[in-house]
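The numbers here are math on the coordinates, done by the rules we state, and not lab data. Since we're looking at a predicted model, the values are computed, not measured. We place every Cβ from the backbone using ideal geometry, glycine too, and count neighbours over all the protein chains shown.
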Amino acid sequence: GSKLNRIASAHKWWPKFLRWNEDATNLCKEVYVRLEEFVTRIEGSYPEFGLLEQLRKPEAMRKHVLRLLHYDPQPVGAILASRHNDFSLLTLDLLTTEPGLWVKADPKAEIEESDFVSDKRGHVVGFFGRKAEEVTSGRIKGMCHGVISRACKPRGAMIFFAHGPGPMGPSCPS
């Protein structure tokens, strides 16, 4: 009796799961297309490091992470994500519902209005992390960044962390 009920219940959600799985797979493919487009554009400046090749290695592919972030509404000026550098080789901000991301090359400098990234729909914001510094022996610097509330609204973001081969580590505050 109960085993048949569990099978029947599972069967009712199975089509929804298959649709969700297909949507998730398509999303991941689109993320990877955007990643490769971004890296291809910047690789011309650093051909000796083979960044695209680094990202395509099976060891690296297993470590890439797609995160969906949610921030509750906070007063304008509130810090949603404090100043930090990601450990990843490359971080892509694929989708953001509200502005607030800022990026700086100098991790100790004051945040200015010009540091805020345009959060237009369809624009991918990409920046290097600490792994890029490691792979390039410091020639490429990881970018310091954070998020400050720009409107008292909930904020969502879809972030893709592309890791190179080698050990992974945590995000490291500057």
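Sorted into 5 angstrom bins from 0, the C-alpha pair distances of the stretch 70-146 split as 3, 15, 23, 25, 20, 9, 3, 1, 0 percent. Taking 10 °C and 1.306 mPa s as conditions, the stretch 20-59 diffuses translationally at an estimated 141 µm²/s according to Stokes-Einstein applied to its Kirkwood radius (Cα pairs). Over the stretch 22-102, the pair-distance histogram of Cα-Cα distances with 5 Å bins from zero comes to 3, 10, 19, 21, 17, 14, 10, 5, 1, 0 percent, rounded to whole numbers. With a cut-off of 13 Å between beta carbons, the residues surrounding Glu112 carry a summed charge of -3, where Lys and Arg count +1 and Asp and Glu -1.
Once the Cα gyration tensor of the stretch 56-112 is found, what semi-axes does its equivalent ellipsoid get, as square roots of 5 times the eigenvalues, in whole Å, sorted largest first? Present the calculation step by step, with values, prior to reporting the outcome.
Working: eigenvalues 133, 56, 16 Å².
So the three semi-axes of the stretch 56-112 are 26, 17, 9 Å.
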